[in-house]
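The values are calculated or read from the model by the stated rules, or taken from the named source; none is laboratory data. It should be emphasised that the depicted structure is a prediction, and the values quoted were computed from it without experimental measurement. Because the Cβ atoms are built from the backbone with ideal geometry, glycine has one as well, and the counts that use them run over all protein chains shown. Quick note on the areas: whole protein, heavy atoms, side chains included, nothing else; ligands and nucleic acids left out. Shrake-Rupley method; radii C 1.70, N 1.55, O 1.52, S 1.80 Å.
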2 protein chains.
Amino acid sequence: MLDPVARVRRFNRAVTSAVGALDTSFLGRGRPLGAARVLNAIGHGRSDVAEIRDYLGLDSGLTSRLLRSLEDEGLVETTVHENDARRRVVRLTRAGRREFAAYEALSNTQADGFLDRHAQREALLAAMDLVASALTLDRIALNEMDPRSDEARYCLGEYYAELGRRFKQGFDVSLSRDPDAKDMRRPRGTFVVAISDTLPIGCVGLKGTDHGYAEIKRLWVAPAARGLRLGRRLMDAAENAARELGIALLRLDTNSALAEAGQLYRRSGWSEIPRFNDDPYPDLFFEKRL
Amino acid sequence: MLDPVARVRRFNRAVTSAVGALDTSFLGRGRPLGAARVLNAIGHGRSDVAEIRDYLGLDSGLTSRLLRSLEDEGLVETTVHENDARRRVVRLTRAGRREFAAYEALSNTQADGFLDRHAQREALLAAMDLVASALTLDRIALNEMDPRSDEARYCLGEYYAELGRRFKQGFDVSLSRDPDAKDMRRPRGTFVVAISDTLPIGCVGLKGTDHGYAEIKRLWVAPAARGLRLGRRLMDAAENAARELGIALLRLDTNSALAEAGQLYRRSGWSEIPRFNDDPYPDLFFEKRL
DNA sequence: CATGATGCCTGACTTTAGTCAGGTATGTGT
DNA sequence: ACACATACCTGACTAAAGTCAGGCATCATG
């Protein structure tokens, strides 16, 4: 009766009919869907015509016409690109910003109303996060970012909080060997953040040392994105960066309380080695030759 | 950074762009979406023209034209309704059933492929179930059904399994006072199943007795549908049925391990009373005067 | 059995989305 | 300077979806 395929299909149907309703946020302001989508793409920071086209998957001619109709409404204005006069840059006018804000308000009200109708918001949100991550799996971007960026700091904060919950003795960053940000920037190392549609959902650090190896640090995947093999992808990204930087040997430390991490390392070519530092938290040590 | 509204909107975006891809099952057979939707509505058992129209939200003229095009393809045939010659009844021809089966196969393959791309299928499916239930909340049907029906038995099976997990001593139906099916059928009582798009996601029994009261039994809500206030709706349905049957007093027993159930009863006008039976499992007893 | 309501149909029309073939201006490499 | 590529645009077209006003047969009701 509860065939997995039936469950997926039920989800599809539920979502298809709900999306019709959710998408009324793009209607209801007397403008066809296409034009509204373009306006919103611009509002969300897409400025080059080609960028808008790619994002929305539109034909060049159609994009052009939709831009013209927004121009006629006085919502956008087009200028030539400063370095390349073939390209055009589109910006919202004051009226355009107002109209975009109205769409945003509609969307927010709608999302808010949806949340209000349900108890146990957090459980529902977590489920939505997981599904959204799964659906956009092949569009999750792994970006090298500064370890001091907002996105990186958010991930690290979640990572520390999780260690605090999972270690019997809790976790205090200041007792651990907190790597210097500059060790996790090129050319000494790097820091990779997984971003799914603007939300950071995972990270990993590659920390350069002066001992002939680099270390993998702070591998974290948001609970709502687990089971999507993102940990593996982050590790691959870190290893590739290490190869580019000419690093031949990687080490890492972890704790046996983080069983899924240990499994991941063993399965992807790491071998256990004796303790190589005096950090109080780890009790498992690995190394991998590239 | 992780505003709930932003998370809902991310979900909406993920789903809007994925649904196009997920639902390509309705394309790819050389037939416009509208006609494919009508064919599938008929395949799923909708036979009256008005029913099809309402289900798909189509204009009368458009529906008619789409039906005509399916007829021209030889996929459906139309007859007059036996009790009302103004109405038409649409049926799939042999070719229509073949074509419908092809759509079904496509959908199934697609859903299957989606599942294959992900580890931790069960977690993902559970999340999809929860979201689907939340989205279709106002379309969850509470149907009075025979307690021996497939749907009821599925719910009861899940209910017993859950008791087994949650009671320290486990749960064995045969030790409990398993109500006779006929006590949970009108006119002595009833059995209500919550159905969301064909999937049973909750149930409750109203069991008639000869002692001047009726009992509420087997209140269960699928884990993937909790937090949607479905328990409350099921209880309301059972109480309404009791009123219709002229029952003035309700009783129920439960176990303190089921904390959320106890809460629900207290919040909806039930008061605790002394033990009124010798069932070994319950340790909490309630009653409510209608 | 006349009257009005109901259920479905057809024809005539509009809007939206999308495709395709050029066209013009600008940039790049030799 | 030249050929060729690139970026965007316009015009001409099509397909699909949807709207609206009647039309016809049938049903319910006094």
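From Cα pairs below 8 angstrom and at least 6 apart in sequence, can you work out the relative contact order of chain A, rounded to a whole percent?
Averaging sequence separation for qualifying contacts and normalising by length gives 11 percent for chain A.
Looking only at Cα atoms, what is the convex hull volume of region A:231-271 per residue, in Å³?
Looking at region A:231-271, the number lands at 66 Å³ per residue.
Rounded to the nearest 0.05, what FRET efficiency do residue B:5 and residue A:97 give with R0 = 30 Å and r taken as the Cβ-Cβ distance? Could you check?
Here the calculated transfer efficiency is 0.90.
Per residue, how much accessible surface does region A:139-289 expose to a 1.4 Å probe? Answer in Å², no decimals.
47
Between region A:124-195 and region B:97-155, how many Å separate their Cα centres?
What the calculation gives is 34 Å, centre to centre.
Relative to the longest principal Cα axis of chain A, at what angle does helix A:94-116 sit, 0 to 90 degrees, rounded to 10?
Once rounded, the angle reads 60 degrees.
Report the local net charge at residue A:53: Lys and Arg +1, Asp and Glu -1, summed over other residues whose C-beta lies under 15 Å from its C-beta.
In short, +3.
Projecting each Cα onto the charge dipole of region B:4-117 (Lys/Arg +1, Asp/Glu -1 at the beta carbon, about the Cα centre), which of B:85, B:108, B:64 comes out farthest on the positive side?
B:108
Inter-copy label distances at residue A:87, 7 Å along the Cα→beta-carbon direction, one decimal in nm, shortest first?
Distances between equivalent label points, in nm: 6.2.
With respect to the axis carrying B onto A, what is the closest chain B residue by Cβ position, and how many angstrom separate it from the axis?
In residue-and-Å form, the answer is B:127, 2.
Tell me, what is the Rg over Rh of the protein assembly as shown, with Rh the Kirkwood radius over Cα pairs?
On the Cα set of the protein assembly as shown, Rg over Rh gives 1.03.
I need the inter-copy label distances for residue A:263: point set 7 Å along Cα to C-beta, values in nm with one decimal, smallest first.
3.1
Using only protein heavy atoms and a 1.4 angstrom probe, determine the accessible area buried between A and B, summed over both sides, in Å² to the nearest 100.
Looking at A and B, the buried total is near 5800 Å².
How large, in percent, is the carbon and sulfur part of the accessible surface of region B:162-290 at a probe radius of 1.4 Å?
49
Any chance you could check region A:154-200 for residues losing 30 Å² or more of accessible area when the partner protein chains are in, compared with the chain on its own (1.4 Å probe)?
Residues passing the criterion (a loss of at least 30 Å², heavy atoms only) are A:154, A:197, A:199.
What's the magnitude of the charge dipole for chain B around its Cα centre, counting Lys and Arg as +1 and Asp and Glu as -1 at the beta-carbon? Answer in Debye, nearest 20.
For chain B, the charge dipole is close to 580 debye.
Leaving ligands, DNA and RNA out of it, rank A:136, B:79 by accessible area with a 1.4 Å probe, largest first.
B:79, A:136
Could you pull out every one of the aspartates and glutamates with an alpha carbon less than 15 Å from that of residue B:168, ignoring same-chain neighbours closer than 8 positions?
Once the sequence-local aspartates and glutamates are set aside, what remains near residue B:168 is B:283.
Using only Cα atoms and rounding to the nearest 10 degrees, what angle (0 to 90) does helix B:121-135 make with the longest principal axis of chain B?
90
Sort shortest first the distances from residue A:102 to its counterpart in every other copy, using label points 7 Å along the Cα-to-beta-carbon line, and give them in nm.
4.6
How are the C-alpha pair distances of region B:121-259 spread across 10 Å bins, as whole percents from the shortest bin up?
Spelled out bin by bin, region B:121-259 gives 12, 42, 35, 10, 1 percent.
Roughly what angle does helix A:150-166 make with the longest principal axis of chain A, taking Cα atoms, 0 to 90 degrees, to the nearest 10?
50
Give me the Å³ per residue figure for the convex hull around the C-alpha atoms of region B:4-117.
132
Among the lysines, which have Cα under 26 Å from the Cα of residue A:207 when same-chain residues fewer than 8 positions away are ignored?
A:182, A:217, A:288
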